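This report concerns only the one structure given below.
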Amino acid sequence: MTDRQDGLEGQEGQDQREANEGVQDDESLPRRAAAELKAILEALIFASPDPLTPKAMFRLLDTEPKEDVLAALAELKQNYERPGGLQIVEVAGGYQIVTRPDLHEWVRRLFHERTTQKLTVQALETLAVIAYRQPITAAEITEVRGVNTSGVLNTLLERHLIKIVGRKQVVGRPFMYATTREFLIRFGLNDLTDLPKVEDMAEALGLDAPILIEQSPSEEMLPLEEPEDTSSGSIH
């Protein structure tokens, strides 16, 4: 065999080995990519101040196929089903990494949560009426609860748990209130269909179930004409 033939065969052998190594690398790439993608999603969900929606995930990972992102998300959720201090929850159409409910007392000790930060019973009652009967006016809430709710409404507005969504087409055109995305996040709800049964909520708050039943206003709701009204937080 000539030196030229030896060289050719040696080159062919090297090319074949490199090709085989390339195939092995290609086969292992999806596994590494999936693990990295899952790690990226975990970091994004953890770092996001608000629930991270699939739409936001797709935008941030626009170079990755959507099916790969969803597959990594599903695997990440499965990983968090194991016993531990954290869990992934679906809230307000997005995902958050949060502490497990049975550990909240320990977390409160860490942050020395003050009782003044908690909602009063009156605020919870008002919030429940709004949640189940929204949109609703201040006068209608007062009629349900039997007490003036102006101060409570201002508190709920300041905490971004409710918002002004329009005016009712009646004399005086009073503001109408509804719950916010922050309300969903605060109470761990994905949407309003996740609200507890009316009977359970009424029993917990000491109210009659019928007053919490969602009712559509008989009069048409007018849109807000003055945007600044929503930010003022004044009660009409």
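The values are calculated or read from the model by the stated rules, or taken from the named source; none is laboratory data. Please read these numbers as outputs of a predicted model, since none were measured by experiment. Neighbour counts run over all protein chains shown; Cβ positions are idealised from the backbone, glycine included. Please note that ligands, DNA and RNA were not included when accessible areas were found on the heavy atoms of the full protein model with its side chains. Shrake-Rupley method; radii C 1.70, N 1.55, O 1.52, S 1.80 Å.
Six or more apart or on different chains, Cβ under 8 Å: which pairs go from a residue in the stretch 83-111 that's in a helix (DSSP H, G or I) to one that's of a type in the set (S, T, N, Q) and surrounded by 10 or more Cβ atoms within 10 Å (Cβ to Cβ)? Could you list them?
107/99
Test residue 132 against the stated conditions and say whether it is in a strand (DSSP E or B), hydroxyl-bearing (Ser, Thr, Tyr) and open to solvent by less than 30 Å² (accessible area, probe 1.4 Å).
Details: in a strand (DSSP E or B): no; hydroxyl-bearing (Ser, Thr, Tyr): yes; open to solvent by less than 30 Å² (accessible area, probe 1.4 Å): yes.
Considered against the rule, which asks whether it is in a strand (DSSP E or B), hydroxyl-bearing (Ser, Thr, Tyr) and open to solvent by less than 30 Å² (accessible area, probe 1.4 Å), residue 132 comes out as no.
In the stretch 142-176, what residues are farther than 15 Å from residue 124 by Cα and either among the β-branched types (Val, Ile, Thr) or part of a strand (DSSP E or B) (or both)?
Matches in the stretch 142-176: 163, 164, 165, 166, 167, 168, 170, 171, 175, 176.
Can you work out which of the residues in the stretch 156-170 that are surrounded by fewer than 16 Cβ atoms within 10 Å (Cβ to Cβ) and of a type outside the set (D, E, K, R) is modelled with the lowest pLDDT?
170
Please go through the stretch 122-177 and give me each residue that is at positive phi and basic (Lys, Arg), ordered by number.
173
Can you pull out the residues in the stretch 174-196 that are open to solvent by 70 Å² or more (accessible area, probe 1.4 Å) and in contact (Cβ under 8 Å) with a residue 24 or more places away in the chain?
Within the stretch 174-196, 181, 186, 192 meet the criteria.
Could you run through the stretch 47-78 and say how many residues are open to solvent by less than 90 Å² (accessible area, probe 1.4 Å), within 26 Å of residue 184 (Cα to Cα), not hydrophobic (A, V, I, L, M, F, W, C) and not in a helix (DSSP H, G or I)?
Here the count works out to 4.
Is the stretch 171-188 home to any residue that is of a type in the set (Phe, Trp, Tyr) and at pLDDT below 85?
The answer is yes, given that some residue of the stretch 171-188 is of a type in the set (Phe, Trp, Tyr) and at pLDDT below 85.
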